[in-house]
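Reading through the structure tokens given below for one structure.
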Amino acid sequence: MAVVDPEDHAIVLSVVYDGPPRAGKTSSVYALARGFGREVCTPEARDGRTVFFDWVEHTGGRFDGNPLRCEIASVPGQRRWVRRRALFLDRADVIVFVGDTRARAWATTLDRLHDLVRRLALRPGTPVGVVFQANHRDHPTALPLDELRTALAAARVAIVESTAHDGGGVREAFVFAIRLALDRVRAEQAAGRLATGRTVLGDRDEVLGVLRGLAVEPAPPEEEPVDAAVDATPTPTPVATPPAPPSVDVPVGCVWPPVDGRIVLGALPPHRQTVTAAPDGWQLQLPGGWRVHSWRDARYRDLDRARGALIAWAGTHARAGDVLSARRCVLVAADGASGWRLWQVVADEPTLRERTDAGDLTPAAATALLAAARHHCARHDLALACALDNVGVDDAGRPRFVGLVPAPVGGAR
Ligand SMILES: Nc1nc2c(ncn2[C@@H]2O[C@H](COP(=O)(O)OP(=O)(O)OP(=O)(O)O)[C@@H](O)[C@H]2O)c(=O)[nH]1
Ligand SMILES: [Mg+2]
């Protein structure tokens, strides 16, 4: 679908990031954009999940002396948005398929890749290339590279390893993808099929309008209903300067729960990662499956205000105690710019969807656990948007909210 812009003769290409849920598509686009010094447009994200797309444009490099303009977009990975994904796959010049190479996600990754290959086979003209960006390589259960190569041999994809949360390998995968896209442009040009136009993916706002109008894929029995929040106001992209990472050596009164919270902080592996932008704030993903997250607006001018907010937030956590996953805490930390931030530290736990996909739970059992979690939240007036992707189950078989707790509302900042 590449086109030649009649005004400046630029070759316009689309690079689409596809892959299973939580594989690292959004992280990859954000890492790429940071390298380009560009801002990403993310019309909406819910609990860190893409709802429409992440979109960034970049002009760089040349093809036959003409400038190259890239339209880069990631699709939402969740099954219910499959039609939104299809629009991008139908227009892509190349796909960067972000695969989740953690053991428990591998079956889903292969399923999604095969689905992609089937869809691309229906596209007329020169075949669309696929780069397999093997992500989550820092995870202890990441499959060995040889195993990936064997499993992917039949799929005819280029493999590039990555750790998208810190940008490792992302640029390499993109550069490879551009080469594949240009091979395709050359072939289409030779066949006289290269059209003129200004854009491949379309005008961003128009695409957003089209996506909003698409029917949501009918939810399978185990999938949660989609609520009206999907069409809420777009969230702005985060500001450019990341806050300092929170110190694990927090002063007394700045971590909750007071003792267990400090134990959680003590269990965090030593790290030197820098804070990266998340669609809804800031985060660090630490080895060993720990997520450290701060909501965008959770910044306070002085320590007293931040402590006040921490106390309010701790109240929510305390009320939610029975349904919250155990390995977590909340804290206040200096942000490195004369302010203070609230952070939450949450251990990654398998979600109901992941357990269902892995065959550990039947869809009926997952639905029942989700219903129990929602019932508990309603009874205790807890604003946790329980879903298959943020509820798990503990060793005693009880549902546990394993996602991010929303920021405390109101109060002086
Ligand atoms: N440790 C580690 N964490 C990662 C890596 N890549 C992404 N993450 C984290 O994994 C989580 C999901 O990443 P996203 O980029 O939002 O995933 P996505 O594919 O866009 O997910 P959907 O929008 O739901 O389809 C985030 O917390 C990321 O910080 C990685 O290579 N290593
Ligand atoms: Mg995403």
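The values are calculated or read from the model by the stated rules, or taken from the named source; none is laboratory data. Everything numeric in this text was worked out from a predicted model, so none of it was measured. Here the Cβ positions follow ideal geometry from the backbone for every residue, glycine too, while neighbour counts run over all protein chains shown.
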Q) How about the stretch 373-397: which of its residues are within 30 Å of Ala312 (Cβ to Cβ) and either over 27 Å from the mean Cα position of the chain (by Cα) or of a type in the set (S, T, N, Q) (or both)? A) His375, His376, Ala378, Arg379, His380, Asp381, Asn390, Ala396
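Results for (1) more than 9 Å from ligand 1 (Cβ to nearest atom); (2) under 13 Å from Phe174 (Cβ atoms), shown as yes or no for each residue.
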{"residue": "Val4", "(1), (2)": "yes, no"}
{"residue": "Leu13", "(1), (2)": "yes, yes"}
{"residue": "Pro20", "(1), (2)": "no, no"}
{"residue": "Lys25", "(1), (2)": "no, yes"}
{"residue": "Tyr30", "(1), (2)": "no, yes"}
{"residue": "Cys41", "(1), (2)": "yes, no"}
{"residue": "Arg49", "(1), (2)": "no, no"}
{"residue": "Phe52", "(1), (2)": "yes, no"}
**Q.** Tabulated pairs, the stretch 277-290, first farther than 18 Å from Leu331 by Cα and assigned to a strand (DSSP E or B), second among the hydrophobic types (A, V, I, L, M, F, W, C) and near ligand 1 (Cβ under 10 Å from one of its atoms), C-beta under 9 angstrom, 6+ apart or interchain
**A.** Ala278/Ala45
Q. On the given criteria, is Thr26 surrounded by fewer than 18 Cβ atoms within 10 Å (Cβ to Cβ) and in contact with a Pro (Cβ under 7 Å, 6 or more places away or on another chain)?
A. no
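So that you can scan it fast, the table gives a plain yes or no per residue for (1) of a type outside the set (A, V, I, L, M); (2) without any contact (Cβ under 8 Å) to a residue 24 or more places away in the chain:
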{"site": "Gly321", "(1), (2)": "yes, yes"}
{"site": "Ala337", "(1), (2)": "no, no"}
{"site": "Ala347", "(1), (2)": "no, no"}
{"site": "Ala358", "(1), (2)": "no, no"}
{"site": "Arg400", "(1), (2)": "yes, no"}
Q: Of the conditions (1) more than 16 Å from ligand 1 (Cβ to nearest atom); (2) at pLDDT 90 or above, Trp282 clears all except one; give me its number.
A: (1)
Q: Read through the list (1) surrounded by 15 or more Cβ atoms within 10 Å (Cβ to Cβ); (2) of a type outside the set (Val, Ile, Thr); (3) farther than 25 Å from Ser14 by Cα, then give the number of the only condition that Pro140 fails.
A: (1)
Q) Do we have any residue at all in the stretch 67-78 that's farther than 24 Å from Leu211 by Cα and of a type outside the set (Phe, Trp, Tyr)? A) yes
Q. Do the conditions hold for Gly261, that is, is it closer than 23 Å to Leu324 by Cα and part of a loop (DSSP other than H, G, I, E, B)?
A. no
Q. Within the group Ala383, Ala366, which residue is among the hydrophobic types (A, V, I, L, M, F, W, C) and farther than 23 Å from Arg102 by Cα?
A. Ala383
Q: Test each condition in (1) without any contact (Cβ under 8 Å) to a residue 12 or more places away in the chain; (2) more than 14 Å from Gly392 (Cα to Cα) for Ala333 and report the one that comes out false.
A: (1)
Q: Name, by its number, the condition in (1) surrounded by fewer than 21 Cβ atoms within 10 Å (Cβ to Cβ); (2) outside any loop (DSSP other than H, G, I, E, B); (3) in contact with a helix residue (DSSP H, G or I) (Cβ under 6 Å, 6 or more places away or on another chain) that does not hold for Pro408.
A: (2)
**Q.** Hits in the stretch 17-38 - residues which are touching a strand residue (DSSP E or B) at 6+ places or on another chain (Cβ under 7 Å), more than 13 Å from ligand 2 (Cβ to nearest atom) and not in a helix (DSSP H, G or I)
**A.** Arg38
**Q.** Selection count, the stretch 354-372, where residues are at pLDDT 90 or above, in a loop (DSSP other than H, G, I, E, B) and within 23 Å of the chain's Cα centre (by Cα)
**A.** 0
(Q) Go through the stretch 66-88 and report how many residues are within 28 Å of Asp8 (Cβ to Cβ) and within 16 Å of ligand 2 (Cβ to nearest atom). (A) 5
**Q.** Matching residues, the stretch 148-164, being within 14 Å of Ala23 (Cα to Cα) and either basic (Lys, Arg) or touching a Leu at 6+ places or on another chain (Cβ under 8 Å) (or both)
**A.** Glu161
Q: Among the residues of the stretch 152-170, write down those that are surrounded by fewer than 16 Cβ atoms within 10 Å (Cβ to Cβ) and either touching a strand residue (DSSP E or B) at 6+ places or on another chain (Cβ under 6 Å) or of a type in the set (Val, Ile, Thr) (or both).
A: none
Q.
I'd like the full set of residues that are within 13 Å of Val207 (Cβ to Cβ) and among the charged types (D, E, K, R), limited to the stretch 84-98.
A. Arg84, Arg85, Asp90, Arg91
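Return the only residue of Ala326, Ala314, Ala309 being without any contact (Cβ under 8 Å) to a residue 60 or more places away in the chain, on the phi < 0 side of the Ramachandran plot, in the same structural domain as Ala385 (by TED's automatic domain parsing) and not in a strand (DSSP E or B).
Exactly one of Ala326, Ala314, Ala309 is without any contact (Cβ under 8 Å) to a residue 60 or more places away in the chain, on the phi < 0 side of the Ramachandran plot, in the same structural domain as Ala385 (by TED's automatic domain parsing) and not in a strand (DSSP E or B), namely Ala314.
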Q: Among the candidates Ala177, Ala173, Ala190, Ala228, single out the residue that is out of contact with any strand residue (DSSP E or B) (no Cβ under 9 Å at 6 or more places or on another chain) and at pLDDT 75 or above.
A: Ala190
